[in-house]
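Bear in mind that the values in this text are calculations on the coordinates, not laboratory data. Since this is a predicted model, take the numbers as computed values, not measurements. For neighbour counting, all protein chains shown are included, and Cβ atoms are generated from backbone atoms with ideal geometry for every residue, glycine included.
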Amino acid sequence: MIGSEQITGLILAGGRAQRMGGIDKGLIPFHKKPLIEATIQRLKTQVGSILINANRNITKYAVYGYPVIMDETPDFSGPLAGFLMGLKNCKTPYLLTTPCDSPLFPKDLGAKLANELEHNNLDLAYASSKEADGKVWAQPVFCLMRANLQDSLSSFLSKGDLKIDRWFKELKSGTVIFDDAQAFANANTPEELQSLEAAS
Ligand SMILES: Nc1nc2c(ncn2[C@@H]2O[C@H](COP(=O)(O)OP(=O)(O)OP(=O)(O)O)[C@@H](O)[C@H]2O)c(=O)[nH]1
Ligand SMILES: [Mg+2]
């Protein structure tokens, strides 16, 4: 069984947040505290250690006492740039990624993805959500992967491809469907942030 101490949690806070007006999304107030704090709280019981991936306000993110790692290329090339930095800095056999703007993600995210990965001997297991109408959506930034995928991701990115699902297709990947779609609600706009606050 994969234990939580074998998993490093990577919080993705490196985006541009253009739909939020370009501010640093991890630091906007959520219940009067920086949004990233809710993610830290939910993640820390699921992993042995945490890394924060950010590209701005590094000293503000550093106050939580976890390493803050920046993308190697300062061009905001998307979440896979954050995944790569997570893999490069991961000292455990597994890496679990979560974005900084979905504070209600499942408390059993790591455990369920670990079970799927181990059971099917996968490289990587990601979450999917089932909406009220029964539709299933991939939630690829919620992803547990083996920490030895660095070379695979580096060579994928060096081809100029940035699409998460295309990298997943190169790997032995699988998904776990979570019934509570609300758990994956994320705050892309100020309005979405408000409704997330109201829901929690
Ligand atoms: N490291 C890194 N993470 C990114 C980058 N772009 C997006 N992300 C992260 O990927 C996750 C999903 O991205 P989005 O929800 O689109 O967030 P965003 O890109 O900051 O917001 P928009 O600019 O409005 O699309 C978030 O946790 C982002 O912080 C990037 O260039 N580098
Ligand atoms: Mg984006």
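Other residues within the sphere of radius under 11 Å centred on the Cβ of residue 15, judged by their own Cβ, net out at +1 (K and R +1, D and E -1).
Cβ crowding within 10 Å, taken as a proxy for footprinting-reagent exposure, orders 98, 8, 92, 45 from fewest neighbours to most as 45, 92, 8, 98.
Exposure proxy ranking for 100, 90, based on other Cβ atoms within 10 angstrom of each Cβ and starting from the fewest, stands as 90, 100. The separation of region 60-99 from region 101-139, counted between C-alpha centres, amounts to 20 Å.
Available extension along the chain between residue 119 and residue 177 is 19.4 nm, counting 0.36 nm per residue and deducting the alpha carbon span.
Using only side-chain charges placed at the Cβ, +1 for Lys and Arg and -1 for Asp and Glu, the dipole size of the chain relative to its Cα centre rounds to 340 debye. Tell me the net charge near residue 184. Cut-off is 14 Å between Cβ atoms, residue 184 excluded, with +1 for each Lys or Arg and -1 for each Asp or Glu. Computed value for this residue: -1. Against the empirical curve 2.2 N^0.38 Å, the C-alpha radius of gyration of region 4-198 lands at a ratio of 0.96. Over the residues of the chain, the helix contribution to mean residue ellipticity at 222 nm works out to -8500 deg cm²/dmol, using -39500 (n - 2.57) for each DSSP H run of at least 4.
Residues whose amide H lies under 5 Å from that of residue 142, counting only those 5 or more places away or on a different chain, are 127; hydrogens are built 1.01 Å from N in the peptide plane.
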